[in-house]
1. What order do you get for 92-99, 138-145, 25-32 when each peptide is scored by the mean count of other beta carbon atoms within 10 Å, highest first?
2. Tell me which residues come under 5 Å, amide H to amide H, from LEU161 once H is placed; ignore anything under 5 positions away on its chain.
3. How big is the charge dipole of the chain about its Cα centre, in debye rounded to the nearest 20, if each Lys and Arg gets +1 on its Cβ and each Asp and Glu gets -1 on its Cβ?
4. Ignoring everything except DSSP H segments at least 4 long, calculate the 222 nm mean residue ellipticity for the chain; use -39,500 (n - 2.57) per segment, divide by total residues, nearest 500.
5. What is the range 1-105 by shape, rounded, prolate or oblate, if you read a ≥ b ≥ c off the alpha carbon gyration tensor as root eigenvalues and call it rounded for a/c under 1.5, prolate for a/b larger than b/c, and oblate otherwise?
6. Could you pull out every residue, at least 5 positions away or on a different chain, whose amide H is within less than 5 Å of the one on GLU128? Hs are placed 1.01 Å off N in the peptide plane, and Pro or chain starts have none.
7. List the relative contact order of the range 5-185 as a percent without decimals, with contacts defined as Cα pairs under 8 Å and 6+ residues apart.
8. If I stretch the segment between LEU161 and GLN41 completely, what's the gain in nm (0.36 nm per residue apart, minus their alpha carbon distance), one decimal?
Amino acid sequence: MKTNEHERKWLIELLRERSFEKKRVILASGKESDFFIDCKQTILTAEGHALVGSLMFDALEALPPCEAVAGVELGGCPLASAVSLTSFQRGRPLNALYVRKDVKDHGSKKLVEGDKTLRDGLPVVVLEDVITTGGSTLKAVEKLRSVGAVVVGVVGIVDRLEGGADALKAAGLPFVTLATRRDFMGAE
């Protein structure tokens, strides 16, 4: 995987400053953790958006080829947009898809936004901000499969090292991450 180590360190520093807190929290998975990281606080800055777009686009090289990137509502949506923009700027355009947690109950009642990009067999990579158990990612993968996409891998910003990578690999999904809990909590 091509990695710009300078950009990776810059992103981790931004995450430490804007997103990371060492404290006890209950996560969406229901598990308790000794740290909290709200990546949106970093991703939604101009420099965070640019860094994430660049680093996640580069991380795609370690996975099977894709033709679109998908972000899970809400944290993954800006990731998909950032990578899509970067892909266009670098001459390899990838459309973005947004995967809803639930089908809209009005209007088009879509499960996946950007659906005009979809076709049976479309190779897609799912982008996630934080991976804990992998449960929300696997739900998104099922939703994408239900509309005909073929998910070829997952790229995460932070792997909490709490079983998510193993769950994704067990599901046959190659996984790449930009950072892990060790980048924030040390070796422990």
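1. 92-99, 138-145, 25-32
2. ARG181
3. Dipole of the chain, to the nearest 20 debye: 320 debye.
4. -10500 deg cm²/dmol
5. oblate
6. Counting only residues 5 or more places away or on other chains, the set is VAL155, GLY156, ILE157.
7. The value is 19 percent.
8. Result: 41.1 nm gained on full extension.
A short reminder: the numbers here are calculations on the coordinates, not readings from a lab. These numbers come from a predicted model, not from an experiment. So basically every Cβ, Gly included, is an ideal-geometry build from the backbone, and we count neighbours across all protein chains shown.
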